[in-house]
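The block underneath contains the structure these notes are about, expressed in structure tokens.
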Amino acid sequence: KMAAFVTVLAEDADKIGPKLEEMAKKHGIKNVPLTVFDGESGPPDYNISEKADVTVMMWNKSKVAASVVVAKGGKIDEKVIKNVVASSEKILN
């Protein structure tokens, strides 16, 4: 079974929560939980780079099996999407 969720890292989670709800309604997001983690560095065990605007992490059996990083100021373009799709092979077993 493959599933997804989105976590936004923020110093003020109370400000971000309503924005996520608005985004979900605007884009019809219904089956992907949108959550906020209070703290910009994220959970310590995740080792999220401070140089990243976006980090796509993929787990298999509760362990990170792949990670794709989009640097600050970078864009989620075709190259990043292809990297995410290719990396997903590491969790499909």
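The values are calculated or read from the model by the stated rules, or taken from the named source; none is laboratory data. Computed from a predicted structure; not experimentally measured. SASA here: full protein model, heavy atoms, side chains in, ligands and nucleic acids out. Shrake-Rupley method; radii C 1.70, N 1.55, O 1.52, S 1.80 Å.
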Requested in this report: Give the accessible surface of the chain per residue, rounded to a whole number of Å², with probe radius 1.4 Å and ligands, DNA and RNA excluded.
Outcome: 81 Å²
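When the chain is fully extended, how far beyond the present Cα-Cα distance does Trp59 get from Asp77, taking 0.36 nm per residue of separation? The partial results should precede the final answer.
Details: separation 18, 0.36 × 18 = 6.48 nm, distance 2.24 nm.
Taking Trp59 through Asp77 to full extension adds about 4.2 nm, to one decimal.
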Query raised in the report: Hey, how many Å between the Cα centroid of the stretch 1-25 and the Cα centroid of the stretch 56-93?
Result: 19 Å
Report summary line: Calculating log10 I(q)/I(0) by the Debye sum over Cα atoms at q = 0.15, 0.24 Å⁻¹ from this structure picks out, from [x] -0.68, -1.45; [y] -0.47, -1.24; [z] -0.54, -1.45, entry [x]
Query raised in the report: Going by alpha carbons, how many degrees (0 to 90, nearest 10) lie between the helix axis of 78-87 and the longest principal axis of the chain?
Result: 60 degrees
Query raised in the report: What percentage of the solvent-accessible surface of the stretch 1-76, computed with a 1.4 Å probe over protein heavy atoms, is contributed by carbon and sulfur atoms?
Result: 52 percent
**Report entry** Proximal aspartates and glutamates relative to Lys19, as straight alpha-carbon distance under 20 Å, when same-chain residues fewer than 8 apart are discounted
**Finding:** Glu11, Asp38, Glu40, Asp53
